[in-house]
Amino acid sequence: MNNTLTIEAKHSPEFLERLLRVCRHRGFSIVSINATIEQQLTHIELTVSSDREITLLTKQLDKVIGILTVTLLASSGNIKASA
Amino acid sequence: MNGANFVVHALKEQNVTQVFGYPGGAIMPLYDALFDGGVDHLLCRHEQGAAMAAIGYARSTGKVGVCIATSGPGATNLITGLADALLDSIPIVAITGQVPTHLIGTDAFQEVDVLGLSLACTKHSFMVETAEQLGPIIEQAFEIATSGRPGPVLIDIPKDIQVGPSVAYALAQLADTQKPLDQNLISHSKLLISEAKKPLLYVGGGVGMAKAVSELRTFIEQTQIPSVCTLKAIGCIQHDSTYFMGMVGMHGSKASNLAIQECDLLIAVGARFDDRVTGKLDEFAQHAKVIHLDVDAAEIDKLRQVTISMTDDLKQVLPAITVQPSIEQWQQHISEMKVTHANRYDHPGEPIFAPALLRQLAETMPADTVICSDVGQHQMWVAQHMFVDRPENHISSSGLGTMGFGVPAAVGAQVARPNDTVIAVSGDGSFMMNIQELGTIKRKQLPVKILLIDNQRLGMVRQWQELFFNGRFSETILTDNPDFVTLASAFDIPGETIVVKSQIEQALQRLLNSDGPYLLHVSISEEENVWPLVPPGAANDQMMESVG
Ligand SMILES: Cc1ncc(C[n+]2csc(CCOP(=O)(O)OP(=O)(O)O)c2C)c(N)n1
Ligand SMILES: [Mg+2]
């Protein structure tokens, strides 16, 4: 199951590492990721794939210090997103 | 004032009076500032010991524990302690020195990417990049360590920032906003509780962390709902509370595990459905609706789908959902189970039976004694057979199960509470994992009492080898242990060995009455196992029990 999220976070040098670590550790693999940094904010659009409920990831991301918002955009059972 | 002096000043502003650590090149400026900076520093003999002493300090007081290490090997040595604090949600601030900014990324002497290392074992971590950041980062670190679900926070400070000029900073006093309770959820909870025929409280470590022990006890008093607790919640409920059945889970009491399986409403308070508690998850409290109260929203529906959940402060929620159900039959049943499945201490022969000895110790030790446990069979016996009436008095590495935890945690607890008795209960395997901390005890002449339960085995692993690996005792036989009493005496710690039951009473008196530290080395049979045991993959009502 694929899910697409947008994430706004305060910029910090290690922020992407934090994000990717949480995704991997909680059992979500990255299908595609796009990150832009503007005025001390990191904006991310992320598609992940997993058998696990997406809320298991979004709740963990909500806890990451520096993340301001996590929004679930779309989910699809079978459409393969391109990287 | 340089950066290092500023750090000491900022620690004082956070009401820190005691830190634990070990010096080295990249943290030398901070040690220079600590030399006469007005914060007490205790030199531990390994950074892991310093981290665990900080944990013992934090757990025995409810304050933040602070530990300090140098870059590279100093920082890597802290990691196990940070992971321990993360899994048990303990507020720790760790400060590490880092190589000077211009050398970061050059593979400089004692350079390790500590920020990178910290990502998986802290609640949050910082690397200070400029002098301006120092003040706000230290303030945030303490705020993050203590707020919500507490945890360890690391601050990595390059040496040039420590020696460079500091930038004044006025504390921002981050405001705490508390949202009001959702009255719909409150009334729904009250309805579930009042309609339940077999409600059960499943109490976790979150109650102690939220400082909601008295609210919990009032709730229990007013509702008379039966209860069980996790390893980390021991002490939250008074041990002699009428319908309290003790610890639940893999080595929980039989009454607790049966009650969990029978209940029709499970009220999980500051608990997280850990696998050591639930056994086979699908069959855990299978017939129960669940009310889950936990400050960490990520714990809700993580392992168990619940009926109602609230992430508000337990101090607010517990009084709000108080309602008395009529459950006389269930209470009667619980009382009967408590009697039928009570712990038994009859044991044939002269050799010492550790559960009985620990029970006797609990009955004779002074009020407000702190027990710090190591990891293994002895840890489970402490949890099953000793009793304490404050969570601050039972300090055990619960989530990470870190061997070597007991002695350094006791060091931290004794420093924090110099007037209380502190007892480290250790095993012959665990004791050797942080044996160097006897040097810390000697240095400060800390009156830590050590009860070493020696089965000449890595007993917990041996038990599993006996039960689940066809008795193939691979690398668990420690008949070549050192002479522990002689070892302790090298650190000026007096001690004695006992081997038979008739020696126990007097030896416990000598342990408890010694002015300084003392080692009571107790030799027991390697064949004693921890019972009951929910075998891996089984439901909690399928407990294995002692034969004979
Ligand atoms: C650092 C660490 N390494 C390995 C283990 C696995 N382990 C759990 S209990 C145990 C044996 C502990 O032996 P001892 O301290 O003598 O206690 P006993 O079980 O004999 O009472 C081991 C090796 C662990 N928990 N922690
Ligand atoms: Mg042992």
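Assorted remarks:
- Filtered residues of segment B:189-239 (kept if more than 23 Å from residue B:63 (Cβ to Cβ), small (Gly, Ala, Ser) and buried (at least 22 other Cβ atoms within 10 Å of the Cβ)): B:189, B:196, B:227
- Of all the residues in segment B:420-434, those that are within 12 Å of ligand 1 (Cβ to nearest atom) and surrounded by fewer than 20 Cβ atoms within 10 Å (Cβ to Cβ) number 1.
- Qualifying residue in segment B:370-385 (condition: in a loop (DSSP other than H, G, I, E, B) and more than 16 Å from ligand 2 (Cβ to nearest atom)): no
- Condition check for residue B:181: more than 19 Å from residue B:4 (Cα to Cα), surrounded by fewer than 24 Cβ atoms within 10 Å (Cβ to Cβ) and within 14 Å of chain A (Cβ to nearest Cβ): no
- Filter result for the condition that a residue is open to solvent by 30 Å² or more (accessible area, probe 1.4 Å) and within 15 Å of residue B:201 (Cα to Cα), over B:289, B:302: B:289
- Matching strands (runs of 3 or more DSSP E) fully within segment B:1-89 where at least 3 residues are open to solvent by 10 Å² or more (accessible area, probe 1.4 Å): B:40-43
- The listed residue being away from chain A (no Cβ under 14 Å) and within 21 Å of residue B:243 (Cβ to Cβ), out of B:383, B:367, B:354, B:320: B:383
- Scanning segment B:447-475 for residues that are open to solvent by less than 50 Å² (accessible area, probe 1.4 Å), more than 9 Å from ligand 1 (Cβ to nearest atom) and not hydrophobic (A, V, I, L, M, F, W, C) yields B:447, B:449, B:465, B:471.
- For beta carbons closer than 6 Å, sequence separation of 6+ or different chains, a first residue in segment B:525-548 that is closer than 14 Å to residue B:347 by Cβ and a second that is of a type in the set (Ser, Thr, Tyr) and part of a loop (DSSP other than H, G, I, E, B), the qualifying pairs are B:531/B:546.
- Tally, over segment B:315-337, of residues that are in a helix (DSSP H, G or I) and out of contact with any strand residue (DSSP E or B) (no Cβ under 6 Å at 6 or more places or on another chain): 15
- Of the helices (runs of 4 or more DSSP H) lying entirely inside segment B:102-205, the ones with 3 or more residues being under 28 Å from the mean Cα position of the chain (by Cα) are found at B:114-118, B:131-146.
- The one condition in (1) more than 11 Å from ligand 1 (Cβ to nearest atom); (2) open to solvent by less than 20 Å² (accessible area, probe 1.4 Å) that residue B:444 fails to fulfil: (2)
For (1) among the aliphatic types (A, V, I, L, M); (2) under 16 Å from residue B:133 (Cβ atoms), each residue gets a yes or a no:
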residue: B:3; (1), (2): no, yes
residue: B:6; (1), (2): no, yes
residue: B:15; (1), (2): no, no
residue: B:23; (1), (2): no, no
residue: B:26; (1), (2): yes, no
residue: B:34; (1), (2): yes, no
residue: B:39; (1), (2): yes, no
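- Summed over segment B:386-411, the residues that are within 16 Å of ligand 2 (Cβ to nearest atom) and assigned to a helix (DSSP H, G or I) give a count of 2.
- Of the listed requirements (1) away from ligand 1 (no atom under 14 Å from the Cβ); (2) surrounded by fewer than 17 Cβ atoms within 10 Å (Cβ to Cβ); (3) not acidic (Asp, Glu), residue B:410 misses just one: (2).
- For segment B:412-429, a tally of residues being within 16 Å of ligand 2 (Cβ to nearest atom) and either hydroxyl-bearing (Ser, Thr, Tyr) or assigned to a helix (DSSP H, G or I) (or both) returns 3.
- Restricting attention to segment A:53-74 and to residues that are more than 10 Å from chain B (Cβ to nearest Cβ) and farther than 28 Å from residue B:114 by Cα, the residue that is surrounded by the most Cβ atoms within 10 Å (Cβ to Cβ) turns out to be A:54.
- Selection within segment B:498-548 - closer than 29 Å to residue B:254 by Cα, crowded, with 17+ Cβ neighbours inside 10 Å and of a type in the set (Gly, Ala, Ser): B:523, B:539
- Criterion violated by residue A:12 - all others in (1) within 30 Å of residue B:128 (Cα to Cα); (2) open to solvent by less than 40 Å² (accessible area, probe 1.4 Å); (3) more than 10 Å from every other protein chain (Cβ to nearest Cβ) satisfied: (3)
- Which numbered condition residue B:326 fails, given (1) of a type in the set (Gly, Ala, Ser); (2) surrounded by fewer than 16 Cβ atoms within 10 Å (Cβ to Cβ); (3) closer than 17 Å to residue B:257 by Cβ: (3)
- Criterion (under 23 Å from residue B:205 (Cα atoms), out of contact with any Cys (no Cβ under 7 Å at 6 or more places or on another chain) and open to solvent by 30 Å² or more (accessible area, probe 1.4 Å)) met by exactly one of B:344, B:390: B:390
The values are calculated or read from the model by the stated rules, or taken from the named source; none is laboratory data. Here the structure is a predicted model, which is why all the values come from computation and not from measurement. Virtual Cβ from ideal backbone geometry, glycine too; neighbours counted across all protein chains shown. These accessible areas exclude ligands, DNA and RNA; they are computed on the full protein's heavy atoms, side chains included. Shrake-Rupley method; radii C 1.70, N 1.55, O 1.52, S 1.80 Å.
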